[in-house]
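One structure is given below, encoded as structure tokens.
The values are calculated or read from the model by the stated rules, or taken from the named source; none is laboratory data. Computed from a prediction, not measured in an experiment: that's the story for all the values here. Note that we place each Cβ from the backbone using ideal geometry, even for glycine, and neighbour counts take in every protein chain shown.
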Amino acid sequence: MPDAPGLELIRGEIETEDPGAVLETSFDRDQPALIVDSTRILAVLTWLHDTPGQEYTFLSSLHAADYLPAEPRFAVHYELMNRNRVERIRVKALLADPEAGRPGSELGQGALPELDSCVELFPTANFQEREAYDFFGIVFKGHPGLTRILLAEDYVGWPQRRDFPVGGEPVTFTYNEEGAPASEHLSTSGAD
Amino acid sequence: MTTLEKAASEVEEQVPGATVELEPETEMMTINMGPHHPATHGVLRLIVQLEGEVVKDLRPIVGYVHTGIEKSCEEKAYWKVIPYVERMDYLSYFFNMQAYCGAVEKLIDLEIPRRAQYLRIIHMELNRLHSHLVWLGTTALDLGAMSMFWYCFRERDTILDLFEMSAGQRMHTRYFQIGGVIEDIPTGFERKLLAFLDEMPTRIRQYEALLDRNEIFLRRTKGFGAVSKERLLELGVTGPLLRAAGEPWDLRKVTDYLPYSEFDFGIPIGSVGDGYDRYRCRVAEMFESVKILQQALAGLPEGPHIANDRKYVLPPRSELSTSMESLIHHFKLVTEGFRVAPGEVYNAVESPRGELGCFVVADGSSKPARVHFRDPSFVNLQALHDMAVGTYVADLIQTLAMLDPILGGIDR
């Protein structure tokens, strides 16, 4: 792991190349993390991947999290690794919800937060970006086929968001299949 | 006569002595494999584009056993999450528990006792043997070797008996707790484990004798499914698949999530990374696991099996009727659970299929705000396209079996 001063050095070097890209650093529980402006995520990842001396060429994991009620609300985490030095660094892109305050966004209505896809740089991110899209509704621009991966393709809503109603999903049986329960569910739970 | 045939005959007429042969007409065919097929090792669906019998394109479709485990974890206190995460990758439950418990222990900065570390290693290596045995049995079954399946499941049963002895359950044992393990191993466990370890190398050599130079097995596995290690690394592939391609990468050696550095064991690697190398790598790993187990059992330290921090660990049952303090701690832990200061941690362990990572976000309450598993099967499945395109559809079965995907882990 880069230690706390090492992390600041990395931040400083990125700052000279691309001022304002790194918003903050964090060194919590021995885990270094760069908190990055989401519009420049690809530049930072490319820098960490390509710069001699950094070479964080292995993307261990990509995942998203919802920090409701914090603002900005979403974050996408990239767990990078330099396999020669066995050093991990986390890059965290913060994303605001374009529909903040409007009810119903967790159920698939309205605009979605957007972020550049890193599939070109890290082909392993393909499935993992689809997973983040599937559960959080985060759109990865430039992804070769951004569709739902684990949920059914006609699923409505983004279930891993913290405000997604749990247990309120109606199940279609023969007696209620006429009334299109999916759309009813949207109009009732969106209001409260 | 088609236009192509007309053109061919025109050329033959106009150029003296020339003969034009047309390639036989080929047609692309899209077929559906699975989701319910014994050769897909779970509920995996593959959309395969075939030209004749050659795979030209392939798309895995997953999600049939998605049960929302990660979402359910957000509704449970930290220690109640353990049974959920066990059920993700149902062949490597001890690894799932270690990934999760290790992450929470990092979050609360809790050191686990030496004996607990060793007990965890013993159970995880037994679990690795168990997982590889199930893989070997079912893979050989896919290639037509029926008896291998029975032999492997015989040894697997001994391992499950051992799990039953120490944890009371054969699968999904909930044995690891935050801070250590729930109970010390019972009397007789060591003797039974030693007997098993004495027998196991002979058994593995018997499997080798059945398969290593088996004509059918060699012809089905040699030279199929090889992908360069550079490409595998780009695709995030880890575990025996990567090692079979010649990259000696094992988190047990390079990180210190448990004291593996105290044991003498090797990292078997392959040379070309075809199906046969993958088979050899996993079988050689079984020998290494036996070696680790022997050393761990011989050097098993005395002492407590779980940390003594009453804020995080349940007090011993015997104290409840005598100590008011213990009763209060017990009540607090069982009803609310413990609170964890805000923070986030990614903890990775080497599972039988590669890097198994667990990402936990704490928000200050007694329930995790996010639990995410980086499952090796999920990431490794992306390499199936590279491995299978250009080979025959019959070899796709072999390639998929050597990939060793566990659909419970992929779909979560």
- Query: Under the condition of being of a type in the set (D, E, K, R) and surrounded by 14 or more Cβ atoms within 10 Å (Cβ to Cβ), which residue from the stretch B:191-220 is farthest from residue B:287 (Cα to Cα)?
  - Reply: B:220
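If I go through the stretch A:145-162 residue by residue, how many of them are surrounded by fewer than 19 Cβ atoms within 10 Å (Cβ to Cβ), in contact with a helix residue (DSSP H, G or I) (Cβ under 9 Å, 6 or more places away or on another chain) and within 12 Å of chain B (Cβ to nearest Cβ)?
6
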- Message: Take residue B:377 and tell me if it is within 14 Å of chain A (Cβ to nearest Cβ) and within 14 Å of residue A:61 (Cβ to Cβ).
- Response: yes
- Considering each of B:48, B:11, B:15 in turn, give the residue that is buried (at least 17 other Cβ atoms within 10 Å of the Cβ) and either of a type in the set (A, V, I, L, M, F, W, C) or within 14 Å of chain A (Cβ to nearest Cβ) (or both). B:48
- Which residues, taken from the stretch B:174-208, are under 25 Å from the mean Cα position of the chain (by Cα) and among the small types (Gly, Ala, Ser)? B:179, B:180
- Note on the structure: Turns out the strands (runs of 3 or more DSSP E) fully within the stretch A:67-119 with at least 3 residues that are surrounded by 18 or more Cβ atoms within 10 Å (Cβ to Cβ) and of a type in the set (D, E, K, R) are A:87-95
- What single numbered condition from (1) under 14 Å from the mean Cα position of the chain (by Cα); (2) at the interface with another protein chain (Cβ under 8 Å from one of its Cβ atoms); (3) of a type in the set (A, V, I, L, M) fails to hold for residue B:356? (2)
- Yes or no: residue B:344 at pLDDT 90 or above, more than 22 Å from residue B:73 (Cα to Cα) and under 26 Å from the mean Cα position of the chain (by Cα)? no
- Item | Answer residue from the stretch A:140-182, given it is more than 28 Å from residue B:35 (Cβ to Cβ) and outside any loop (DSSP other than H, G, I, E, B) and is modelled with the lowest pLDDT among those | A:179
- Query: Which residues, counting only those in the stretch B:130-142, are surrounded by 24 or more Cβ atoms within 10 Å (Cβ to Cβ) and over 11 Å from the mean Cα position of the chain (by Cα)?
  - Reply: B:133, B:136, B:139
- Would you check if residue B:196 is assigned to a helix (DSSP H, G or I), under 30 Å from residue B:317 (Cα atoms), touching a helix residue (DSSP H, G or I) at 6+ places or on another chain (Cβ under 8 Å) and hydrophobic (A, V, I, L, M, F, W, C)? no
- Message: Here are the criteria: (1) closer than 19 Å to residue A:28 by Cα; (2) over 20 Å from the mean Cα position of the chain (by Cα). Tell me which single one residue B:392 does not satisfy.
- Response: (1)
- Write out, first by first residue and then by second, each pair whose Cβ atoms fall under 8 Å of each other, whose residues are 6+ apart or on separate chains, and whose first residue, in the stretch A:12-35, is away from chain B (no Cβ under 14 Å) and surrounded by 15 or more Cβ atoms within 10 Å (Cβ to Cβ) while the second is of a type in the set (A, V, I, L, M) and part of a loop (DSSP other than H, G, I, E, B). A:14/A:21
- Please find, among A:76, A:86, A:36, the residue that is within 16 Å of the chain's Cα centre (by Cα) and under 25 Å from residue B:378 (Cα atoms). A:76
- Item | Candidate set from the stretch B:281-312 (those that are touching a residue at least 40 places away in the same chain (Cβ under 8 Å) and among the charged types (D, E, K, R)); member that is farthest from residue B:252 (Cα to Cα) | B:309
- Candidates A:100, A:125, A:132, A:75, filtered to the one that is in contact (Cβ under 8 Å) with a residue 12 or more places away in the chain and over 20 Å from residue A:33 (Cα atoms): A:100
